[in-house]
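In what follows, a single structure is set out as structure tokens and then discussed.
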Amino acid sequence: TTIAATFEAITHTLSITASGNGSVTYNSTAVRGKTQSFTVNEGNSATITITPDPNYKLKSVKLNGTDITSSVVNGQYTINNIKSDNALEIVFEGITHTLTITSTGNGSATYNSTAVRGKTQTFTVNQGASATVTFTPDSHYKIASVKVNGTDVTTSIISNKYTISNISADVTLAVTFEAITHTLSITASGNGSATYNGTTIRGKTQSFTLNEGSSATVTFTSDAGYKIASVKLNGTDVTSSVVNNKYTISNITANTTLSVSFTAITHTLSITASGNGSVTYNSTTVRGKTQTFTVNEGNSATITITPDTNYKLKSVKLNGTDITSSV
């Protein structure tokens, strides 16, 4: 009689599922984006190597439905003394960082179709990705500064955009907007002054800083006996537009110059001398005719009346009124 007895190892199935951007290697076989089964002898151990792709990390490892992620050491996990079938599930996920955007002033910063205005907002960005932020100043405003992680990058702004490339850590971006300004230079010449915003300019030029889009009203004050000769805006005469000694420059969009000059108010003095004698004014003698002179307002005019020999003054009339007795 012969008896033949044959023995074989008890085996179990090790099922490995890898999901996401990475691979799982067991016994020199890589599993990626799928489920693969292996046969393992009972009592053996199985060491699995877990390798995320660049910019990705391990999210979770579950053994027979139980999370054992914290037991993964240096990218490896070992199932010891296998006694039954095992299912191992590994999931990978992107490494993410926080992009914090702060927008201050009159304008907004837009990232990923979300506009940030007058506040701070955070976004989640995958490691290795780039983030392009678009800046939109309000009308008459401009970018004052852009800082990334505290470093000024304003000079690197192109077409109101800035790109943070290959993000590998949390990032802060802060943008500040400010008003666009222009210079208003006011010159007052002669006997009078120009006043703007409570400041009086007389016999000089003074400059002021104004926000773009604003208006400036300048008031002109002539000295007694004087009047406005001309007002010029950027070299163009606008005297006829002065109303009640005021001129308003509306919607300023560039550097602007305004100049005002004053001149004496004048009147005509007409002197008529009839008969045998002469009348002298300002070293000019009038005899047997009418002559006119220009006299500044407020001035006095002294006229000397000289009858010829054997003649006398008969009458003097001022604007038709006899004032002979006052001579």
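The values are calculated or read from the model by the stated rules, or taken from the named source; none is laboratory data. This one's a predicted model, so the numbers in the text were calculated from it and none came from an experiment. In this analysis, Cβ positions are derived from the backbone assuming ideal geometry, glycine residues included, and neighbour counts consider all displayed protein chains. Ligands, DNA and RNA are stripped out before the accessible areas are found, and what is left, the full protein with its side chains, is counted by its heavy atoms. Shrake-Rupley method; radii C 1.70, N 1.55, O 1.52, S 1.80 Å.
What the table below lists for this structure:
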{"item": "Checklist (1) closer than 30 Å to A174 by Cα; (2) surrounded by fewer than 17 Cβ atoms within 10 Å (Cβ to Cβ); (3) not charged (D, E, K, R) applied to A109, failing item", "result": "(2)"}
{"item": "Among residues of the stretch 53-82, those that are out of contact with any strand residue (DSSP E or B) (no Cβ under 7 Å at 6 or more places or on another chain) and over 17 Å from A18 (Cα atoms), counted", "result": "5"}
{"item": "Which numbered condition S325 misses (of (1) surrounded by 15 or more Cβ atoms within 10 Å (Cβ to Cβ); (2) at pLDDT below 95; (3) not basic (K, R))", "result": "(1)"}
{"item": "Among (1) touching a strand residue (DSSP E or B) at 6+ places or on another chain (Cβ under 7 Å); (2) surrounded by 13 or more Cβ atoms within 10 Å (Cβ to Cβ); (3) part of a loop (DSSP other than H, G, I, E, B) - the single one A129 does not satisfy", "result": "(1)"}
{"item": "Filtered residues of the stretch 243-274 (kept if more than 12 Å from S222 (Cα to Cα), among the β-branched types (V, I, T) and in contact (Cβ under 8 Å) with a residue 40 or more places away in the chain)", "result": "I249, I252, T253, T256, T257"}
{"item": "Verdict on T29 being farther than 14 Å from Y77 by Cα and open to solvent by less than 60 Å² (accessible area, probe 1.4 Å)", "result": "yes"}
{"item": "Residue in the stretch 32-39 that is assigned to a loop (DSSP other than H, G, I, E, B), over 30 Å from T181 (Cα atoms) and of a type in the set (K, R) present", "result": "yes"}
{"item": "Filter result for T292 (touching a residue at least 24 places away in the same chain (Cβ under 8 Å), open to solvent by 70 Å² or more (accessible area, probe 1.4 Å) and either of a type in the set (D, E, K, R) or more than 30 Å from H140 (Cβ to Cβ) (or both))", "result": "yes"}
